[in-house]
Amino acid sequence: MPVAVPVLAFVAGAGLSLGTSYVLVTRLERIGGRLGLSEALLGMVAALAADAPEITSAVTALATHQQKR
(Lines give C-alpha, C1' and ligand atoms only; values in the text may rest on other atoms or scores of the structure.)
Protein backbone atom coordinates (compact mmCIF):
# COMPACT_ATOMS: atom_id res chain seq x y z
CA MET A 1 0.00 0.00 0.00
CA PRO A 2 1.41 3.39 -0.88
CA VAL A 3 2.55 5.57 1.99
CA ALA A 4 0.57 8.54 0.67
CA VAL A 5 -2.82 7.01 1.55
CA PRO A 6 -2.23 6.68 5.32
CA VAL A 7 -0.49 10.04 5.43
CA LEU A 8 -3.43 11.69 3.66
CA ALA A 9 -5.88 9.97 6.02
CA PHE A 10 -3.86 11.16 9.03
CA VAL A 11 -3.72 14.76 7.79
CA ALA A 12 -7.47 14.73 7.06
CA GLY A 13 -8.24 13.29 10.51
CA ALA A 14 -5.99 15.79 12.25
CA GLY A 15 -7.62 18.66 10.35
CA LEU A 16 -11.10 17.42 11.26
CA SER A 17 -10.11 17.03 14.91
CA LEU A 18 -8.63 20.53 15.08
CA GLY A 19 -11.67 22.01 13.34
CA THR A 20 -14.14 20.41 15.72
CA SER A 21 -12.03 21.45 18.72
CA TYR A 22 -12.09 25.04 17.48
CA VAL A 23 -15.88 24.93 17.12
CA LEU A 24 -16.26 23.46 20.62
CA VAL A 25 -14.07 26.09 22.27
CA THR A 26 -15.59 29.06 20.44
CA ARG A 27 -19.12 27.98 21.27
CA LEU A 28 -18.23 27.31 24.90
CA GLU A 29 -16.67 30.78 25.10
CA ARG A 30 -19.81 32.32 23.64
CA ILE A 31 -22.06 30.49 26.10
CA GLY A 32 -19.70 31.26 28.99
CA GLY A 33 -19.71 34.95 28.10
CA ARG A 34 -23.51 35.05 28.11
CA LEU A 35 -23.68 33.28 31.47
CA GLY A 36 -20.84 35.31 32.98
CA LEU A 37 -18.61 32.31 33.73
CA SER A 38 -15.03 32.89 34.84
CA GLU A 39 -12.09 31.84 32.67
CA ALA A 40 -11.17 29.06 35.11
CA LEU A 41 -14.66 27.60 35.14
CA LEU A 42 -14.83 27.87 31.37
CA GLY A 43 -11.55 25.94 31.14
CA MET A 44 -12.93 23.21 33.37
CA VAL A 45 -16.07 22.92 31.24
CA ALA A 46 -13.96 22.70 28.07
CA ALA A 47 -11.76 20.00 29.63
CA LEU A 48 -14.80 17.98 30.68
CA ALA A 49 -16.32 18.31 27.22
CA ALA A 50 -13.07 17.20 25.58
CA ASP A 51 -12.74 14.19 27.90
CA ALA A 52 -16.41 13.14 27.71
CA PRO A 53 -15.76 9.91 25.73
CA GLU A 54 -13.10 8.71 28.18
CA ILE A 55 -15.26 9.60 31.19
CA THR A 56 -18.27 7.84 29.68
CA SER A 57 -16.34 4.65 28.93
CA ALA A 58 -14.84 4.60 32.43
CA VAL A 59 -18.22 5.04 34.11
CA THR A 60 -19.75 2.37 31.87
CA ALA A 61 -16.95 -0.06 32.71
CA LEU A 62 -17.41 0.59 36.41
CA ALA A 63 -21.19 0.22 36.20
CA THR A 64 -20.92 -3.14 34.39
CA HIS A 65 -18.15 -4.38 36.72
CA GLN A 66 -15.60 -4.82 33.90
CA GLN A 67 -12.09 -5.11 35.27
CA LYS A 68 -10.13 -5.84 32.10
CA ARG A 69 -9.52 -3.57 29.12
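The values are calculated or read from the model by the stated rules, or taken from the named source; none is laboratory data. Treat the numbers as computed from the prediction; the structure is a model and nothing was measured. Neighbour counts run over all protein chains shown; Cβ positions are idealised from the backbone, glycine included. These area figures cover heavy atoms from the full protein model, side chains too; ligands, DNA and RNA do not enter into them. Shrake-Rupley method; radii C 1.70, N 1.55, O 1.52, S 1.80 Å.
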> Which ³J(HN,Hα) values in Hz, rounded to whole numbers, follow from the phi angles of segment 27-34 under the Karplus curve 6.51 cos²θ - 1.76 cosθ + 1.60, where θ = phi - 60° and Gly and Pro get x?
Replying inline: 6, 5, 5, 5, 5, x, x, 5
> Ignoring ligands, DNA and RNA, what percent of the accessible area of the chain is carbon or sulfur (1.4 Å)?
Replying inline: 69
> Got a sec to turn the phi values of segment 54-59 into Karplus ³J(HN,Hα) couplings, 6.51 cos²θ - 1.76 cosθ + 1.60 with θ = phi - 60°, whole Hz, x for Gly and Pro?
Replying inline: 5, 5, 5, 5, 5, 5
> Nearest 20 debye, what's the magnitude of the dipole of the chain about its Cα centre given +1 on Lys and Arg Cβ and -1 on Asp and Glu Cβ?
Replying inline: 140
>> Rolling a 1.4 angstrom probe over the protein chains, ignoring ligands and nucleic acids, what is the accessible area of residue 3 in square angstrom, nearest 10?
In response: 110
> Taking the simple approach of a point 7 Å from Cα along Cα-to-Cβ for both residue 29 and residue 5, what is their distance in nm?
Replying inline: 4.0
> Among (i) 5.5; (ii) 7.4; (iii) 6.2, which is the computed mean projected area of the Cα convex hull in nm²?
Replying inline: (ii)
> Along segment 10-17, what does the Karplus equation 6.51 cos²θ - 1.76 cosθ + 1.60 (θ = phi - 60°) give for ³J(HN,Hα), rounded to whole Hz, x for Gly and Pro?
Replying inline: 5, 4, 5, x, 5, x, 5, 5
>> Let me check something: with ligands and nucleic acids excluded, how do 27, 34 order by accessible area (1.4 Å probe), largest to smallest?
In response: 34, 27
>> Over the chain, with the other protein chains present, what is the accessible area per residue in square angstrom, probe 1.4 angstrom?
In response: 87
